[in-house]
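What follows is a set of notes on a single structure, which appears directly below.
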Amino acid sequence: MNLKFVAVLLFLVVVLGVMFIYLKPIYRFREGLCDSSEGRSGDGHLFRSPDLHLVATNGLKYPQPSITHGRTDVVSVTPWLAPVVWEGTFYPVLLDSIYQKRNITVAATVFAVGKYIRFLKDFLETAEQHFFVGFKVKVYVFTDQPNEVPKVKMAAGRELVVRSVPNSKRWQEISARRMEIIQTLIEETLKNDVDYIFCLDVDSKFHSRWGTESLGELVAVIHPGYYKDDRSKFPYERRPASRAYVAPGEGDFYYCGGAFGGVLAEVHQLAQTCRKNFEDDAKEGIEAAWQEESHLNRYMWLNKPSKVLSPEYLWQDFKARNSEVRVIRFSGVIKNYNEIRPN
Ligand code: UD2
């Protein structure tokens, strides 16, 4: 080996060593950026975080942020610093201008199986009036009676997609199976098409704006029946044998099974986890107290939602409105459970 060759070899080793030492942290940082600002689905597909840059329209005038504005009569931020959205905590024109620039598409899923098909018309018609008006929306209806889906006129940029699903003898199964179908829908259809998804109960109507203020990575709605209660009163699954178990003293809010959402990667993770836990429980003969709602509550306890929607986003028509609820945006209609359910 001649000296010249050894010198070149040494030079290369030093250069590669320096590159390794200096470039590795940069690569790691880039990886970290991907992990924190971009979701990654199970198969490695990247979902770009839509909340990376909030770019508003130039010259838009709106009230200056002020600590004396907003709401002092309700919890408007969680201990993990997620906003809790109430009327008076956001400026809709500003938010819409941010998301219009991004040209987002929002999907909604709704299940109308068996006699629940009767609720679909009002759901769809009121969604046209209040749900992400002015944005691209795709409503996915899952039903066992595709021919009975009402013909509702959709505005430009909005689309209704009907999919067949089997009926079941047990309402608990219809309700819980939604997680599996949502998981598959995201994997097979929505992946490259949609930015956000909301999964909603059909026996409900929109009454007022539900829009861009509700967008976030993982979004949960506080149940209207329990938002003033101590967590000891929440109807979480209390049997430790269940995968939906929440121990005494644990839990943040009691969230609704009837409305949740977020970016695709987050909702996919939620649906997949709740489905698996529900099925693993079933193999051991356990059904959680409130089916997939119990599993969702366990999931949200461990994986904190990045945005929490107040009970304005899922009220119940039989409940008198409380003074802190200035607007009812979406509300469950009164129904006769014995008459409407298959069991
Ligand atoms: C609560 C939840 C619901 C679910 C359930 C527990 C709210 C407002 N509702 O409502 O989401 O977590 O507890 O399982 O938080 N469905 C049919 N056909 C049927 C039965 C159900 O299509 O025969 C669908 C339909 O979309 C309905 C949803 O499943 O809206 C939930 O069923 P539910 O409304 O009977 O459940 P409920 O009122 O106990």
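Can you tell which of Lys233, Lys276, Lys138 shows the greatest fluctuation in a Gaussian network model of the chain with Cα springs below 10 Å?
Of the options given, Lys233 has the highest mean-square fluctuation.
Students often check this: by mean Cβ neighbours within 10 Å, which of 2-14, 283-295 ranks highest, and how do the rest follow?
Values: 2-14: 9.3, 283-295: 19.0.
Averaged packing, sorted descending, gives the order 283-295, 2-14.
Accessible area per residue of the chain at 1.4 Å probe, in Å²?
Heavy-atom accessible area per residue stands at 52 Å².
Mind checking which of Ser310, Ser168, Ser323 has the largest fluctuation in a GNM of the chain, springs on alpha carbons under 10 Å?
In the Gaussian network model the winner is Ser323.
Out of the total accessible area of the chain (probe 1.4 Å, heavy atoms of protein only), what percent is carbon and sulfur?
Carbon with sulfur: 56 percent of the solvent-accessible area.
Hey, got the Cα dimensions of the chain along the principal axes, in Å, largest first?
94, 57, 46 Å, listed from the longest principal axis down.
Restricting things to Cα coordinates, could you compute the convex hull volume per residue of the stretch 282-331 in Å³? Can you show the working numbers first?
Numbers: hull volume 5.7 nm³, N = 50.
In the stretch 282-331, the Cα hull volume divided by residue count equals 115 Å³.
Do any trypsin sites (Lys or Arg not before Pro) in the stretch 157-194 lie in a loop, going by DSSP, with at most 11 other beta-carbon atoms within 10 Å of their beta carbon, and if so which?
Qualifying residues, ordered by number: Lys169.
Using packing as a proxy for protection, rank 147-157, 194-204 so that the peptide with the highest average count of other Cβ atoms within 10 Å comes first.
So the order, starting with the most tightly packed, is 194-204, 147-157.
The values are calculated or read from the model by the stated rules, or taken from the named source; none is laboratory data. For clarity, every value in this text was computed on a predicted model and none was experimentally measured. All Cβ positions, even for glycine, are placed from backbone atoms using ideal geometry, and neighbour counts span all protein chains on display. The accessibility values were calculated without ligands, DNA or RNA, using every heavy atom of the protein model including side chains. Shrake-Rupley method; radii C 1.70, N 1.55, O 1.52, S 1.80 Å.
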